[in-house]
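Written out below as structure tokens is the structure these notes cover.
Just so it is clear, none of the values below were taken in a lab; they were calculated from the coordinates. Please read all numbers here as calculations on a predicted model, not as lab measurements. A quick note on method: Cβ atoms are made from the backbone with ideal geometry, for glycine too, and the neighbour counts reach across all protein chains shown.
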Amino acid sequence: MIDFELEPQVVSRLRMYHAVAENMMRPISREYDEREHEDPWQFFETMWQAQSLNDVGPAARSTGGESQAGPKLRNLNTVITTEELCWGDVGLFLATPNSGLGGAAVMAAGTPEQKARFLKRFGEGKPKWGAMAITEPACGSDSAAVTTSATRDGDDWLINGTKIFCTAGHRAVDKSEGFVVVWATVDKSAGRAGIKPFVVEHGTPGMQVTRLEQKLGIRASDTAAIIFDNCRVPASNLLGSAEVKQEGGFKDVMATFDATRPIVAAMAIGVGRAALDFVRNFLKEQNVAVRYGISPRRLGVVERDFMEMEVQLQAARLLTWRAAWMMDMGQRNNLEASMAKAKAGLVVTQITQKAVELLGPLGYSRKLLVEKWMRDAKINDIFEGTQQINMLIVARRILGYGNKELN
Amino acid sequence: MVDFQLSEEQQMIRDTIGAFARDEIRPAARLADESGKILPELTEKIWQLGLVRGAIPETYGGDGGERSAVTGAVVAEELGYGDLSIGLHALAPRLLAYPVLEMGTAEQKAAYLKRFTAPTFVPATAALMEPRWDFDLTELVTGARPEGSAFVLNGHKCVVPLAAEAEAILVYAKNGSGSGFEGVDAFVVTRDNPGLKINEREQNMGLKGLATYEIALDQCRVSADARLGADKGIDFSRLMSEARVAFSAMAVGVMRAAFDYARDYAKERKAFGVPIATKQAIAFMLADMAIEIDSARLLMWEAAARLDKGHDALRESYLAKNYVAASALRVTDNAVQVLGGHGYIREHPVEMWLRNARAMTALDGVATV
């Protein structure tokens, strides 16, 4: 039965997340945009303490706790709470201490013993971060081309290579007792099948964060370059099986993406809604009416723009909810996750740019957060699969093509 | 609870109507477009599906089926997938029957609904749009003036489907002082009314299989019981929300038709030794079309689901309709583009779908759930 209305108890639970976004994130939003690479420890501590609030983002998947919205729709619950927090600040959301993408990789590829061993820390002690390192200087979207290698040495693996664009990498390995999941090839001749995930613990010799990127937006989130130089990790840190099969291995990366793309789409939607809400309130203050129901030919330019922002955001939101809901139903959502990510990444980029435009010089000024949202929004059209990679996936799926026919 | 799945019954309806649209309606679409006529045999065949009779209560001889905007949208999408002209033609009687069913008095229901349970097609329609560039549902010019216990209607209407053959037309007119959606009433005008003049059939760029007319109401006198809902009047905003959902659903069907056709063509057609679908320039257009279709359908379903819950859906249906109007153009235009020169010639249906999709942005309220 088609129904896109959240249940009252879900809505009231969302208010709690909204309060966090409004009262804890918004007040420091500008500050940690300006003070790139600094750590809002008070915010981190508070978020870490609030265990129930850790039940969002990839962390929800990795800690294995049941959400109050009911286990049946837990992925849907994750995307709606993600939207709410990213309405507050998407950079701070990404910086929030939790198991992150590293945890998602452990959940997707690890054995039950590994899940318990690596994820236990996120429910206790001081704030910690989990990170994932896949991108390299010479390969981004083509993640099957990674050159970082892992060679067997007795009971250990020796990892060598350079990883970049590792979200929360610095906080995971230098500022907390976290870890980074590194994707490295154990057999170059095996192509994709030879790429395996390794958990590298904080403080492991041979692993060094060499720089932090200076970015357009999401400046509260650290983006690290990490060099692995004969970095020794125990064999038990290889997630899943070391065996190089024809199928598997790299497929686990893809499984991770099917789960995380709707979340990134929801992050985008949170930023877009921040801009939309701001413009709505602004128009109200300026006594500019938005007249639903009249002939579209009689709409003013501003109300037409506003309605376009509004409906595009809702289209992206419904696609995103669907992708998450399908996971909750145990359905494969590869196509739908990419549709949601492609749509949300693009329209939120456009929505936030339009918000800057509609507000004129006010929109361009750093006195308001609107220009920041425009900068923050753009990353959602890039990471976890660029707009183009997601379109490629959609295209392959609707055409029934593999990567040989359409590349 | 949030749910993205149609009920089993709705899936069954979708499959049944979808198969009919594919096997019976689609093959008749080009002929209807070229000749301007829909074969009576086809009209009767669709009538047999019970799409109008279905929701009429058993008291009046109907099937007493549950009326749902979502189910209506599912049916409308499949009909639109077959052909927009034929779909609109088939559902035109609903333009009169459904507002009566939903907002008519007991006497009006008794007077009109039974007629729509007849075994053969019953032509009926509604007159809403007016021949002005700035036509606006919220500012109708056609007016109703009370005169004693009767009403006198004056004004011009356009894009009235099946007006020439309709037994009765539901005419929307301004009545009283309310502004916007308030103060609009609907009056049943039978074809024998001397104040009703049906002009020549309109010639449109698309929807050519659907016969539409401009009509004139000149001192058109109707009795008090012709006013739908009697003294209570109608909930015009809700009726228009329902109409927008239905029309949007049909357009989603057109988008899907164009997408399917372009996709299949692109996988067959070779250039430089390979199917053109293997080129990103084409594949990405198709991907964009697929995303737009799903976006449009979800927005339209959201408005429909709100209506089924009894919520107001003015904003949702309006935004959905405007979204669908824009994306239907984009998708059908891209379909023509994927076929290139072949998309421009009338041997393929995509040019027809582009012309039909254009109706979405030009017309308002010519369909009802």
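Some observations on this one:
- Projecting the alpha carbon convex hull of the stretch B:1-133 along each direction and taking the average yields 10.5 nm².
- Counting every alpha-carbon pair across chain B, the share separated by more than 31 Å comes to 33%.
- Residue-averaged beta-carbon neighbours from other chains (10 angstrom radius) around A:291-303: 5
- Lys pairs under 27 Å by Cα in the stretch A:176-260, provided they are eight or more residues apart or on distinct chains: 5
- Relative to its residue count, chain A spans a Cα convex hull of 150 Å³ per residue.
- About the Cα centre, charge dipole magnitude for chain B (Lys/Arg +1, Asp/Glu -1 at Cβ), debye: 580
- Set of lysines with alpha-carbon distance to A:LYS175 below 19 Å, sequence-local pairs under 8 removed: A:LYS120, A:LYS126, A:LYS128, A:LYS163
- From the C-alpha gyration tensor of the stretch A:106-237, square roots of 5λ in Å: 21, 20, 13
- Per residue of peptide B:281-287, the mean number of Cβ atoms on other chains within 10 Å of the residue Cβ is 6.
- Fluctuation leader among B:PHE284, B:PHE151, B:PHE272 - chain B, Gaussian network, Cα springs under 10 angstrom: B:PHE272
- Tally of Lys pairs whose C-alpha atoms are under 13 Å apart, taken over chain B, 8 or more apart or cross-chain: 5
- Working note: Debye formula, equal point scatterers on the alpha-carbon atoms of the stretch B:236-362, no solvent; log10 I(q)/I(0) at q = 0.14, 0.18 Å⁻¹ is -0.60, -0.85.
- Gaussian network model of chain A, springs between alpha carbon atoms under 10 Å - residue of A:ASN23, A:ASN230, A:ASN75 with greatest fluctuation: A:ASN23
- Rounded to whole Hz, the Karplus (6.51, -1.76, 1.60) HN-Hα couplings of the stretch A:88-94, x for glycine and proline: x, 6, 6, x, 5, 4, 5
- Once the chain from B:ARG30 to B:ALA230 is taken as fully extended at 0.36 nm per residue, the excess over their C-alpha distance is 67.7 nm.
- In the stretch B:202-259, a dipole from Cβ-located charges (positive for Lys and Arg, negative for Asp and Glu) runs towards its positive end, and of B:ALA216, B:LEU239, B:ALA251 it is B:ALA251 whose Cα lies farthest in that direction.
- Only Lys, Arg (+1) and Asp, Glu (-1) charged, at Cβ; the stretch B:15-68 dipole about Cα centre in debye: 140
- Cα centroid separation, the stretch B:191-229 to the stretch A:334-377 (Å): 48
- FRET efficiency for the pair A:GLU7 and A:ALA144, taken as 1/(1 + (r/R0)^6) with r the Cβ-Cβ distance and R0 = 56 Å, rounds to 0.85.
- When the P(r) is computed for the stretch B:125-232, the part past 18 Å accounts for 45% of the Cα-Cα pairs.
- Amide H contacts of A:TRP157 (H built 1.01 Å from N, under 5 Å, at least 5 apart or other chain): A:VAL233, A:ALA235
- Residues A:ARG298 and A:SER241, FRET efficiency given R0 of 56 Å [Cβ-Cβ distance, rounded to 0.05]: 0.30
- Put simply, the stretch A:308-407 fits an ellipsoid with semi-axes of 31, 15, 10 Å; these come from the alpha carbon gyration tensor as the roots of five times its eigenvalues, largest first.
- Residue order for B:SER237, B:SER179, B:SER317, B:SER327, fewest other beta carbons within 10 angstrom first, comes to B:SER179, B:SER237, B:SER327, B:SER317.
- Put in line by how crowded their Cβ is, counting other Cβ atoms within 10 Å and starting with the fewest, A:LYS72, B:LYS208, B:LYS45 read A:LYS72, B:LYS45, B:LYS208.
- Annotation: aspartates and glutamates with alpha-carbon distance below 17 angstrom to A:LYS343 (same-chain offsets under eight excluded): A:GLU83, A:ASP258, A:GLU308, A:GLU310, A:ASP376, A:ASP381, A:GLU384, B:ASP288, B:GLU292, B:ASP294.
- The percentage of C-alpha pairs in the protein assembly as shown whose separation is greater than 33 Å is 56%.
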